[in-house]
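To keep things clear, I will list the structure first and then write my remarks on it.
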Amino acid sequence: MIIHPPERATATGHVAAMYESDLADDGIVFAHTRAMAVNPEAHAAFEALVRAVVPSIGVRVYEAATLGAARALGSAHCLLAHGRRSLRAGVVDEEGLAAFAAGDDRGFTEQEQAVIRFAARLSTDPSAMTDADSQELREAGFSDRQIVDVTLAAAARNYFSRALLALAVPVEDVPGLDSALTAALTHATATTPTGDRKAAPLNLDGCSDDSSPACTGPSAGGPSSPTPPPRVRPS
């Protein structure tokens, strides 16, 4: 990337908090964090959006929406970062995550698979979406608020990932993932979402995200779990 992020030595305020969060978790400041630090107000607004949607849908559903969008976009940063987060949160195991990277979503619950399909459609062909797409989420058990928040979670991933892709932010390995799983996620491919809704064919490899300070959202539950969530980093 050609942009020049703020230096760590002179970072203050939100930028300093972004850098310190990465350092505390992984001992490095990721390139995507440095890129977003150029406009800390925009990054803080992104975090606020994530904090606003996670409480109604839960960590599991948020991660399903994030991973579904990231795979559809070819967002290696997001797939690596949120793949690791999903493993740590018990959303999916390593076998299920490796299968997901190959386009097989059966490691997720049926409800989460509906979210992944919805996020993929939103990320590839949103103009073709109809009430039938929202109805699929309704039939999976989501309320009006949760349908909106699943949509916002997937749309937010598009915002973050597309920005990183457009800026050509380098992809970096995420500590804690083995080399085989890292390779699988970096070159993830998705099948066309099933059902009557349209979706563009997908052939993916590529870029985009993880991020910064933690957000408080509901526990790893989904629509039926309105309890307060564990801390999750909102990127």
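The values are calculated or read from the model by the stated rules, or taken from the named source; none is laboratory data. A quick note: this is a predicted structure, and the numbers were derived from the prediction, not measured. Reconstructed Cβ throughout: ideal geometry from the backbone, glycine too, with neighbour counts over all protein chains shown. Areas reflect the complete protein model, heavy atoms only, side chains present, ligands, DNA and RNA absent. Shrake-Rupley method; radii C 1.70, N 1.55, O 1.52, S 1.80 Å.
Which length gain, in nm to one decimal place, applies between residue 173 and residue 17 when the Cα-Cα distance is subtracted from 0.36 nm times their residue separation? Walk me through the numbers on the way to the answer.
Working: separation 156, 0.36 × 156 = 56.16 nm, distance 2.15 nm.
Value of the extension gain: 54.0 nm.
Once the other residues with Cβ under 12 Å from the Cβ of residue 8 are scored (Lys, Arg +1; Asp, Glu -1), what is the net sum? Mind dumping the intermediate values first?
Numbers: positive: 34; negative: 7, 20, 22.
With Lys, Arg at +1 and Asp, Glu at -1, the net is -2.
Accessible surface of region 30-118, 1.4 Å probe: 51 percent of it comes from carbon and sulfur atoms.
Accessible area per residue of region 5-142 at 1.4 Å probe, in Å²? Kindly include the intermediate steps, with their values, before the conclusion.
Numbers: 5100 Å² over 138 residues.
Dividing the accessible area of region 5-142 by its residue count gives 37 Å².
The phi-based Karplus calculation (6.51 cos²θ - 1.76 cosθ + 1.60; θ = phi - 60°) puts the 3J(HN,Hα) values of region 26-37 at 9, x, 9, 9, 5, 4, 5, 5, 4, 5, 6, 5 Hz, whole numbers, x for Gly and Pro. The calculated FRET efficiency for residue 145 paired with residue 10, based on their beta-carbon distance and R0 = 25 Å, is about 0.05. The residue 94 and residue 125 beta-carbon pair, evaluated with R₀ = 41 Å, returns a calculated FRET efficiency of approximately 0.85. In plain terms, the chain from residue 28 to residue 187 could stretch by 54.9 nm, reckoned as 0.36 nm per residue minus the Cα-Cα distance. Here the gap between residue 2 and residue 138, fully extended at 0.36 nm per residue and compared with their Cα-Cα distance, gives a gain of 44.6 nm.
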